1. So which of B:42, B:107 ends up being assigned to a loop (DSSP other than H, G, I, E, B) and either under 26 Å from residue A:45 (Cα atoms) or in contact (Cβ under 8 Å) with a residue 24 or more places away in the chain (or both)?
2. Looking only at the range B:203-239, which residues are free of Cβ contacts under 8 Å to residues at least 24 places away in the same chain and not charged (D, E, K, R)?
3. Consider residue B:173 carefully, then state whether it is surrounded by fewer than 21 Cβ atoms within 10 Å (Cβ to Cβ), among the polar types (S, T, N, Q) and outside any helix (DSSP H, G or I).
4. Here is a check on your reading of the model: is residue B:91 assigned to a helix (DSSP H, G or I), under 17 Å from the mean Cα position of the chain (by Cα), within 29 Å of residue B:188 (Cβ to Cβ) and within 9 Å of another protein chain (Cβ to nearest Cβ)?
5. Anything in the range B:67-88 that is part of a helix (DSSP H, G or I), closer than 21 Å to residue B:200 by Cα and more than 8 Å from chain A (Cβ to nearest Cβ)? List them, or say none.
6. With respect to residue A:172, is the statement that it is modelled with pLDDT under 95, more than 14 Å from chain B (Cβ to nearest Cβ), within 15 Å of residue A:207 (Cβ to Cβ) and buried (at least 22 other Cβ atoms within 10 Å of the Cβ) true?
7. Restricting attention to the range A:135-146, does a residue exist that is at pLDDT 95 or above and under 19 Å from residue A:246 (Cβ atoms)?
8. So in the range A:1-44, with the set limited to residues that are in contact (Cβ under 8 Å) with a residue 12 or more places away in the chain and small (Gly, Ala, Ser), which one is surrounded by the most Cβ atoms within 10 Å (Cβ to Cβ)?
Amino acid sequence: MNLLALIGRVVLDFLAHLGRLTIFAGTAISHCFRPPIYGRLIVKQFIDIGFYSLPVVGLTAIFSGMVLALQSYTGFARFSAESAIANVVVISLTRELGPVLAGLMVAGRIGASMAAEIGTMRVTEQIDALTTLSTNPFKFLVVPRLIAGLLMLPVLVLIADIIGVAGGYVVGVYKLGFNPATYINNTYDAMEALDVISGLVKAAAFGFIIALMGCYNGYHSKGGAQGVGAATTNAVVSSSIAILIVNYVITEMFFGT
Amino acid sequence: MTDVPKISLRGVAKAFGEKQVLSGIDLDIAAGESVVVIGGSGTGKSVLIKCILGILEADTGTIAVDGQNVMHLESNARDATNAKFGMLFQGGALFDSLPVWENVAFGLRARDRHLSRDTARAQAIETLAKVGLDEQVADLAPSELSGGMQKRVGLARAIAGRPEIVFFDEPTTGLDPIMSDVINDLIVSTVKKKGITALSITHDMQSARKIGDRIAMLYEGKLIWVGPAADVDSTENPYVQQFVHGRAEGPIKMQVRR
């Protein structure tokens, strides 16, 4: 009986959480289309999310591309299919690794910082202060982050795709001895517009999820430093899990049979 | 129309889960009057102010400002109503990402998006002078200021937009007695003497006597005593007596949980 009660409580808590998240997302989206819009804050978030995430996303992409080339060679050499390495690198990166790895890295970097910043503002009454100063906290805090997440992640992923393919090229040409022109030709031939587009659609969805989870968990944090810590952890964990689930759903939409 | 109270509360109730925090608050505050609500920690004083400001929604009852119901307002109407308000938060609640002058000018720029930075800065410095702070403070970060200075900046931010009503949430909590008196004097000079309506909550009786025209005591979600500030020491209400004299023995039982 106690076990049933426990399961019931967990399910009810989860549903209540989901309901609150849906209302939060609906309110935030509706504020995206109603003035005032804080352009300066949106640009600041573009820089925070887009520009300052470049090093971490770039490093992740280049080493992923390099290791992909190296591992594919180990496997394909057994079947004398080494020429498929360029195809594997470009398809894997544009369809999957680019958006997912960039999404997870940005979730750790940006999702955590959003939750910590907004959570601290919540527990120190700064969000209440915004309301008393005729400033809607959704418009001021949430909308700029959502818009920047939605638009900046695709840009980051596009850059990650290019850097990742370059990483594969470096290993393919300088370590595995491929002809540079052949490698580039193979890459070009294997690249499909749909692969890149599906990756960018995923990136936009991931950017929205990261910003939404960061803002939601920060906005609802309570109880001082411990509450802010919990909000930060929840933001990273929930956005990472959501990214992996949504990744499957979008892949199914684009490539499902 | 001068008879219309500046703030009018009727049957205001608010519960969090099963805990009834406010259970039927009736209170009228006239224009230019300063009312102080006293009560122990966790009795719902802050909740009362937050319901008027629209930060929390009361479950039942009506809240009117200048005779207009201000409950369940949509976003832009709430912003317009809150333009009449100023609020000094207990911990200051200064935006730590902005320098002092931008904190003070925040409300001005939110209400007039065309206000230039230079004009806003000049107005902020002018308001800082009213609370005894000079121009050098303007470019400091809030974290560089002492608790008393942060309260002064918070007060400057509250009065910068020339509000009709100012709310004070525990204005002297955490300050030494001298700084507490400085803040009380500033509240009297910048709000009370200017005819601005004020609603304060505090458990500092010295502060309540100094800044209040009337005092109301909140206990178990109800206002159990309302009267002139001068009568607070002489009333025979046992709850008020116990609170005013800070006695452990009496009808008020301290709550362990909020």
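1. Result of the check over B:42, B:107: B:42.
2. B:224, B:225, B:227, B:228, B:230, B:234, B:235, B:237, B:238, B:239, listed by residue number.
3. Details: surrounded by fewer than 21 Cβ atoms within 10 Å (Cβ to Cβ): yes; among the polar types (S, T, N, Q): yes; outside any helix (DSSP H, G or I): yes.
In short, yes.
4. Details: assigned to a helix (DSSP H, G or I): no; under 17 Å from the mean Cα position of the chain (by Cα): yes; within 29 Å of residue B:188 (Cβ to Cβ): yes; within 9 Å of another protein chain (Cβ to nearest Cβ): yes.
It is false that residue B:91 is assigned to a helix (DSSP H, G or I), under 17 Å from the mean Cα position of the chain (by Cα), within 29 Å of residue B:188 (Cβ to Cβ) and within 9 Å of another protein chain (Cβ to nearest Cβ).
5. Correct list: B:81 only.
6. Numbers: modelled with pLDDT under 95: yes; more than 14 Å from chain B (Cβ to nearest Cβ): yes; within 15 Å of residue A:207 (Cβ to Cβ): no; buried (at least 22 other Cβ atoms within 10 Å of the Cβ): yes.
Spelling it out, it is not the case that residue A:172 is modelled with pLDDT under 95, more than 14 Å from chain B (Cβ to nearest Cβ), within 15 Å of residue A:207 (Cβ to Cβ) and buried (at least 22 other Cβ atoms within 10 Å of the Cβ).
7. yes
8. For the range A:1-44, the residue satisfying everything is A:28.
The values are calculated or read from the model by the stated rules, or taken from the named source; none is laboratory data. Because the structure is a prediction, the values reported are computed rather than measured. Virtual Cβ from ideal backbone geometry, glycine too; neighbours counted across all protein chains shown.
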